[in-house]
Amino acid sequence: MALIAIVAGLLLLIKGGDWLLESSVGLSMRLSIPRIVIGMTVVSFATSAPELIVSLQSALSGHPDLALGNVVGSNVANIAFVLAITILISPINVTKSFYQTDWPMMFGASLLLYFFLLNDQQISSFEGAILFGMLLVFLYLLIRFQKTAAVEGDDYEDDKPLNPSQILLYFLLGAGSLWLGSESLVKGAVTLAKNMNVSERIISISIISVGTSIPELSASIIAVLRKEKALSLGNLIGSNMFNVLAVMGLTSMVHPVAVIDQGLITHDIYWMLGISLLILPLVFVPSGRQLGRFDGILLFALYLMFLGPMLMG
């Protein structure tokens, strides 16, 4: 029954995230927001919605390791799993904004989360407010300096715009599915951890984090197939920032998140930092300002190394 609840929860989260994405992009199109801004904000927020709802539900239900493990595991999965598969399908040329603003913000947010956890092994409500405040500052700067950026493919001629009633319907369907999915997933994950006699951290880092990263995988593959690669990379980098600044920020503001399984701060958080750091030199080596198939193979191999010891242990 636990596995059935997890699968049902993941399906609801995936479909809910898809509906929310449709609503968000539809609204952005009506407001004529450039695609690079959509990728870093609207799409990232929509695809991070499963992580947000699951983490909130986990923290409020008294399972902080599920909340924290979900964020850390999803950030590793977004780069070492989702980005790896995306660039194995098609290499991505990287724009200057990646290493000038986007990557520094993502890595800076990851470092801040690390120092908060290292301090007292928890994210307090005040620290959560700092994280969320950083997100607001970043969004302001992004919209102010990139809203007029000329990005190839910024026109919406090939897209069918949604009317206001459709946008509202997709939003309500998405929000409802995300909530029901999170209820089912969290309860199923807790039950599975007890049945298998493993920590909730193991379940959250592996099953839950991969499941909640599926919307990012879907959005990135679709973006690459549509030749909208700026949207694909922007979505993943933005999603990692949202996971730390919005998901962890809002969750800890509602309920402080404390570390229970020490593996989160002795193993998992270092993998998140290492993978986040590695993506920068990979952009320049071996091909200048490009992420290619060699990078994809390396990242995916690292992801298997990350999960391997936990799943076998």
TODO: Please verify whether the stretch 231-245 includes one or more residues that are touching a residue at least 24 places away in the same chain (Cβ under 8 Å), under 25 Å from residue 135 (Cα atoms), out of contact with any strand residue (DSSP E or B) (no Cβ under 9 Å at 6 or more places or on another chain) and surrounded by fewer than 21 Cβ atoms within 10 Å (Cβ to Cβ).
DONE: no
Open item on the list: With the structure loaded, tell me whether residue 203 is crowded, with 24+ Cβ neighbours inside 10 Å, at pLDDT 75 or above, among the β-branched types (Val, Ile, Thr) and under 20 Å from residue 109 (Cα atoms) or whether it fails that test.
Closed with: no
TODO: Return the residue satisfying two criteria in turn: it lies in the stretch 253-287 and is surrounded by 15 or more Cβ atoms within 10 Å (Cβ to Cβ) and hydroxyl-bearing (Ser, Thr, Tyr), and of such residues it is farthest from residue 301 (Cα to Cα).
DONE: 287
TODO: For residues that are part of a strand (DSSP E or B) and touching a helix residue (DSSP H, G or I) at 6+ places or on another chain (Cβ under 6 Å), scanning just the stretch 87-134, find the one that is nearest to residue 266 (Cα to Cα).
DONE: 123
- [ ] Please note which helices (runs of 4 or more DSSP H) are completely contained in the stretch 222-305 and include at least 1 residues that are in contact with a helix residue (DSSP H, G or I) (Cβ under 8 Å, 6 or more places away or on another chain), among the hydroxyl-bearing types (Ser, Thr, Tyr) and modelled with pLDDT under 90.
- [x] 229-242
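Conditions tested, residue by residue: (1) closer than 21 Å to residue 251 by Cβ; (2) acidic (Asp, Glu).
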position	(1), (2)
65	yes, yes
77	yes, no
82	no, no
86	no, no
98	no, no
110	yes, no
116	yes, no
123	yes, no
131	yes, no
TODO: Tell me which residues, restricted to the stretch 48-80, are closer than 24 Å to residue 274 by Cβ and either outside any helix (DSSP H, G or I) or hydroxyl-bearing (Ser, Thr, Tyr) (or both).
DONE: 48, 55, 74
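The values are calculated or read from the model by the stated rules, or taken from the named source; none is laboratory data. What you see is a predicted model, and the numbers here were worked out from it, not measured in a lab. Positions of Cβ are generated from backbone atoms using ideal geometry, with glycine treated the same way; all protein chains shown enter the neighbour counts.
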